[in-house]
Amino acid sequence: MIRLDLADIQGNIHRPYGRFGFPHTRHFFFNIANASAGRRFVQGVRPRVTTAEPWEKAEARDGTSVVVKPPITLNIGFTFYGLDALGLPTRTLRLLPDEFIDGMGARSEILGDVGGSSPDRWEPIWDYSLGAKHRRSTCGSRSASEPILTARRCRTCPNGRRGWKAWWRHPPAG
């Protein structure tokens, strides 16, 4: 039997958060303009990522065991071009499946993204022809007021272009 290292697997791979009491989700999309800064961001996010490890259990007042869920969950994902923008070695990038390298837009018909959901109707951030380089950060929470990653549109970002500025905020106590 194969034993998985649950600490090395993101929680959203292991359990669908919506069915586990996290009805709110926020998605943040970032363009990686500087590989070094992008890697620093990922290193800052990594310790906060929700893993697939079992959540703790506690004893309820009636003596039963209850699962203690975290107030928020955080997971991060990348497009092929995002990984390339982070400076992953070519020999590593070559090992990725063709379907991942091609991206969702190239596979839209297979995925059912047709008609009103076709790639020509997608937000510009998904237009790889523009050289978009992405990473996605997803925060799930049990209430709409518990974000851990906050982002806002800014007129001028550090790279001199319009985009998003993101920062960490601790979830509310209690």
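Taking each residue as 0.36 nm, the span from R3 to V49 lengthens on full extension beyond its C-alpha to C-alpha distance by 14.5 nm. Counting only Cα atoms, the size of the stretch 6-140 along its three principal axes is 58, 38, 24 Å, in decreasing order.
Straightening the chain between F28 and R121 buys 31.6 nm, computed as 0.36 nm per residue apart minus the Cα-Cα spacing. Think of the stretch 1-107 as a dipole: +1 on every Lys or Arg Cβ, -1 on every Asp or Glu Cβ, centred on the Cα centre; then among H14, I2, N75, N75 lies furthest on the positive end. Gain on full extension, evaluated as 0.36 nm per residue between V67 and L96 minus their Cα-Cα distance, stands at 6.8 nm.
We did not get these values from a lab; they are worked out from the coordinates using the rules stated. Here the structure is a predicted model, which means the values were calculated and not measured. Note that each Cβ is placed from the backbone with ideal geometry, even for glycine, and that neighbours are counted across all protein chains shown.
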